[in-house]
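The values are calculated or read from the model by the stated rules, or taken from the named source; none is laboratory data. Computed from a predicted model, the values in this text were never measured in an experiment. Cβ placement follows ideal geometry from the backbone for every residue including glycine, while neighbour counts extend to all protein chains displayed. Only protein heavy atoms, including side chains, enter the accessible area calculation; ligands, DNA and RNA are left aside. Shrake-Rupley method; radii C 1.70, N 1.55, O 1.52, S 1.80 Å.
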Amino acid sequence: MKTLVECLESLSPHVHTRICEEHGWDGNVELSELAERLVKAARQVAEGEPDRLEHRLLRYAVFTCGCNLIPPDAGHKGETKLTPSQARMGWTMLQRKGFLFAVRRSWGKPGYWCPVEIRQACLAVWLPERGDSREDVSVAGERMAAGLWNRFFHFLIVVEREGISLTQQGDVQRRMIRKLAAELDLDVEDHRFTDSLWGQGKTPGELRLLIDLAQSEGLVEEREGSLQLREGALAAWSACSWPVLLGRLFGFVRRRLLEERPEWESLWWWMERQGDAPVALTDTFLSWKAAAGSRVSLEEWEGAWLQPLVALGWVVASLEKGGWWAWSPWAPPVFRGLPDLPAYVKPDFEIFIPIFTPWKKRWILAQFTDYMGGEQLITYEINTASVKRGVERGLSAEEMERILEELSASPLPENVRISLWQWAKQYSRVVFKEALLLRTGDERLADDLEAVPELADQIGERVGPTAFLVHPSSLSTLREQLKDLGYSAMKPMENESGRPWWKGEVHSRESVGEEEKRSAHTLTIEDRFPSLEDSVPGLNRLPQMWTSSLRSYHPSTLQHILRKAAELQVDLKWADNRKRIQRFIPGRVTCIGGVWMAEGQDMEGRPQHVKLSDISRVQVLLPWMEGDY
């Protein structure tokens, strides 16, 4: 969704000027400064009188709509206690002040968008200060879960090795579920995901989450009835630092939870403000509930959010009566840095590495070792079968030894080094290697190329009078060097790389998968400054005498006024035969037993029936008549 500055960038300078005039500001300002002014102005509205129209609707936008679009017909009845015409008028006023923006999208209905900066400015006023921490609890002494980041890594390893078989309905096959449960140490009966959005369907909740995450980030795709790895996307992913990856993983979970319950966005914001110290469950929840006027129960919050967050390693908590919760040290709201833990290779062929070992190095390690579990320190084991797998993946004994030496804080045990080379040699007697064939037009040209010193590192073994072997990774450099020397070279007809992604240089991208998906549904901001009359189309065509004051009318004209008011969904003020003034929201006019009746609602939303013969005078109320509200 668009930020406040992005929304303003979608408007013309004329609209910027009109917004400034609405606040009484000088219109000649930079957009960044205008955005800052709007945030301060929104805060002032939040601090103002609760009964004001703008205050009520901002509360509705923040606590009821959250990070969702606001439907144009929303905001009446309920906690706002507004009529439809009042609500429409209020949305227009907020749009004129730059707190809301009218939007259209390629699918679904239009609506209003309240940028996050405006919402958070209001929340900073309406939500109380952080509660007292639980001094009797130490997060440092609690057992930390390995977390989503660890399960996700090994899930992708399994996808790379054999793919994830799917049924015709798109579910994971039962046989594959059992295999994944064993490989990833998943508890298929884990009830912590039952009440979350991942708890539906035949596939276990955490596995559904892992698949959802991989697809969202564009790291897997469905091909021929199974999920397969997209190596290019994974290469970009692996080049990111762990703080960046943790931010992406956390952002995915946050997005998904809020997509299901956008009206809880203020609760999430309130949770992020709690800091890293343990706080009582009831203090956090009840303080938010009171401020938001929500009817959500503590049990709903625990089932839908807290239990999955604990299972995913973002939260540490005791959910018993009188319990507490806190963000884990590597959750982005409280993140201060990764633990500095060493890695070790032991003589018994076990390898201990920190959980936040660089992704690419850990991926290479997983090619020739077996994952054995762990939490803060992850355990791998090297054995004959795992080394065989590494050889089949194209790793040499030298490459395996190098990655172990790079990871280990102490020298590699000699027995491990010897066994590694012996096992690799045992399975490397016959090896297929991928290479490109460079062929020259004649033998003399081949001799000339072989004699060029600059090409010595790029041209491999000469395998014939006019042929050389070239490693795929050297192709781009070699072609540039040949071009500089005055030789032209045709592109190879087949794949130029031919190597696993983790054997080459990789570069991160700013966005993968999810951002690309969202770009297809970009919101279009309407570039216009609405008039107050826009809140009720057609209202300006009513006769002025109908809206100017209370008047008496012929019965047929009175029927016409009531029907028109019902059509436009505007309110009426009327006086009875005793000159008592009342308010009424007309619905329809009917004749019952020869008596003409107006059916509608009173200002509290209760059904009301009024005899037309009881109405002595009537006035159509314009929504911008503040004195009448």
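For region 107-114, check the following and say yes or no: at least one residue is touching a Ser or Thr at 6+ places or on another chain (Cβ under 7 Å) and either in a helix (DSSP H, G or I) or among the small types (Gly, Ala, Ser) (or both). No, there is no match, as no residue in region 107-114 is touching a Ser or Thr at 6+ places or on another chain (Cβ under 7 Å) and either in a helix (DSSP H, G or I) or among the small types (Gly, Ala, Ser) (or both). Just one residue in the set VAL296, VAL244, VAL279, VAL316 is within 19 Å of the chain's Cα centre (by Cα) and of a type in the set (Val, Ile, Thr); that residue is VAL244. Looking only at residues of region 423-442 that are in contact with a helix residue (DSSP H, G or I) (Cβ under 9 Å, 6 or more places away or on another chain) and either more than 24 Å from SER474 (Cα to Cα) or modelled with pLDDT of 90 or more (or both), we find that the one that is most open to solvent (accessible area, probe 1.4 Å) is LYS425. Taking region 239-357 as the region of interest, the helices (runs of 4 or more DSSP H) fully inside it that hold 1 or more residues being of a type in the set (D, E, K, R) and open to solvent by 40 Å² or more (accessible area, probe 1.4 Å) are 242-260, 265-272, 281-292, 298-301. What number goes with the only condition from (1) open to solvent by 20 Å² or more (accessible area, probe 1.4 Å); (2) over 23 Å from GLY374 (Cβ atoms) that ALA236 does not pass? The one condition ALA236 does not meet is (1).
Scan LYS81, LYS97 and give me the residue that is touching a residue at least 24 places away in the same chain (Cβ under 8 Å), touching an Asp or Glu at 6+ places or on another chain (Cβ under 8 Å), open to solvent by 20 Å² or more (accessible area, probe 1.4 Å) and at positive phi. Let's see the steps before the verdict.
Numbers: LYS97 fails: at positive phi.
So the residue among LYS81, LYS97 that is touching a residue at least 24 places away in the same chain (Cβ under 8 Å), touching an Asp or Glu at 6+ places or on another chain (Cβ under 8 Å), open to solvent by 20 Å² or more (accessible area, probe 1.4 Å) and at positive phi is LYS81.
For region 190-211, indicate whether the set of residues that are under 25 Å from THR357 (Cβ atoms) and not in a helix (DSSP H, G or I) is non-empty. No, there is no match, as no residue in region 190-211 is under 25 Å from THR357 (Cβ atoms) and not in a helix (DSSP H, G or I). Against the numbered list (1) in a strand (DSSP E or B); (2) open to solvent by less than 40 Å² (accessible area, probe 1.4 Å), TRP596 comes up short only at (2).
Within the option set GLU510, GLU515, GLU505, GLU604, being surrounded by fewer than 17 Cβ atoms within 10 Å (Cβ to Cβ), at pLDDT below 85, outside any loop (DSSP other than H, G, I, E, B) and acidic (Asp, Glu) holds for one residue only, GLU515.
Reported count of residues in region 10-39, each being loosely packed, with under 15 Cβ neighbours inside 10 Å and farther than 12 Å from GLY98 by Cα, is 10. Do we have any residue at all in region 376-385 that's open to solvent by less than 80 Å² (accessible area, probe 1.4 Å), more than 21 Å from SER238 (Cα to Cα), touching a residue at least 40 places away in the same chain (Cβ under 8 Å) and touching a Leu at 6+ places or on another chain (Cβ under 9 Å)? Among the residues of region 376-385, not one is open to solvent by less than 80 Å² (accessible area, probe 1.4 Å), more than 21 Å from SER238 (Cα to Cα), touching a residue at least 40 places away in the same chain (Cβ under 8 Å) and touching a Leu at 6+ places or on another chain (Cβ under 9 Å), which makes the answer no. Note on region 410-422: among residues that are more than 15 Å from TYR380 (Cβ to Cβ) and either hydrophobic (A, V, I, L, M, F, W, C) or touching a Lys or Arg at 6+ places or on another chain (Cβ under 7 Å) (or both), the one that is least open to solvent (accessible area, probe 1.4 Å) is ILE418. When the residues of region 527-540 are narrowed to those that are at pLDDT 90 or above and surrounded by 16 or more Cβ atoms within 10 Å (Cβ to Cβ), which ends up nearest to GLN86 (Cα to Cα)? It comes out as PRO530.
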